[in-house]
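Here is the structure we will look at, set down as structure tokens.
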Amino acid sequence: MKGLFVVNLKKFRKEEGLSQEALAKRCDASANHIGQIEMGRRFPSIELIERIAAVLKVKPYRLFKDETGEEPDENRETRDFLANLPDRVRRVLKTQLLTAISDDIDETLKP
């Protein structure tokens with residue numbers, strides 16, 4: 001995910017025609033910090049991710065989204081593995097996953 005973030009950050013920054021220095025200035029960050037992020041040596045805070053996204057005129061989630069249209073090998077392997085499971089096992093697994101997701105959402109939304 002970190003690598004994908006770096007690729008997208010560079011892509012969107014270049015699309016906006018911004019240097020690392022210009023992006024840093026608009027995000028109230030140091031050029032060194034932005035450079036370290038783009039080299040994968042540091043990772044930005046949520047607040048900085050939001051400021052970067054605003055400057056780059058993209059929604060923050062797009063910095064983490066694979067927009068190449070290519071399916072990562074691990075996704076293909078997982079899909080193939082699941083496709084070979086018996087139907088009953090797939091149904092049980094689906095039910096358990098949906099329950100876990102629902103529980104996580106409920107826990108996240110608690111006041």
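Only protein heavy atoms count here; under a 1.4 Å probe, Thr95 has an accessible surface of about 80 Å².
Helices in the chain, meaning DSSP H runs of at least 4 residues, each add -39500 (n - 2.57). Divided by all residues, the mean residue ellipticity at 222 nm is -21000 deg cm²/dmol.
Taking Cα atoms only, the orientation of helix 87-109 departs from the longest principal axis of the chain by about 40 degrees.
Per residue, how much accessible area does the chain show when a 1.4 Å probe rolls over the protein heavy atoms, in square angstrom? Let's see the in-between values first.
Working: 8180 Å² over 111 residues.
In whole numbers, the chain has 74 Å² accessible per residue.
In the structure shown, the pairs Lys2/Lys25; Lys10/Lys110; Lys25/Lys59; Lys65/Lys110; Lys14/Lys65 are assessed against 29 Å; a Cα-Cα span above that value is assigned to Lys10/Lys110.
Using the beta-carbon distance between Phe81 and Tyr61 and R0 = 30 Å, what value does 1/(1 + (r/R0)^6) give for FRET efficiency, to the nearest 0.05?
Details: r = 27 Å, r/R0 = 0.90.
With a Förster radius of 30 Å, E is 0.65.
Here the Kirkwood formula, the inverse mean of 1/r across different C-alpha pairs, assigns the chain a hydrodynamic radius of 16.7 Å.
Taking Cα pairs under 8 Å and at least six residues apart, what relative contact order does the stretch 1-109 come out at, in percent?
On the way: 60 pairs, mean separation 27.4, N = 109.
Relative CO of the stretch 1-109 lands at 25 percent.
Within the accessible area of the chain, the carbon and sulfur atoms contribute 53%, probe 1.4 Å, all protein chains present.
The values are calculated or read from the model by the stated rules, or taken from the named source; none is laboratory data. Remember, predicted model here, so these are calculated numbers, not experimental data. Counting neighbours? That spans all protein chains shown, and the Cβs are built from the backbone with ideal geometry, glycine included. In case anyone asks, the SASA skips ligands and DNA or RNA and just uses the protein heavy atoms, side chains included. Shrake-Rupley method; radii C 1.70, N 1.55, O 1.52, S 1.80 Å.
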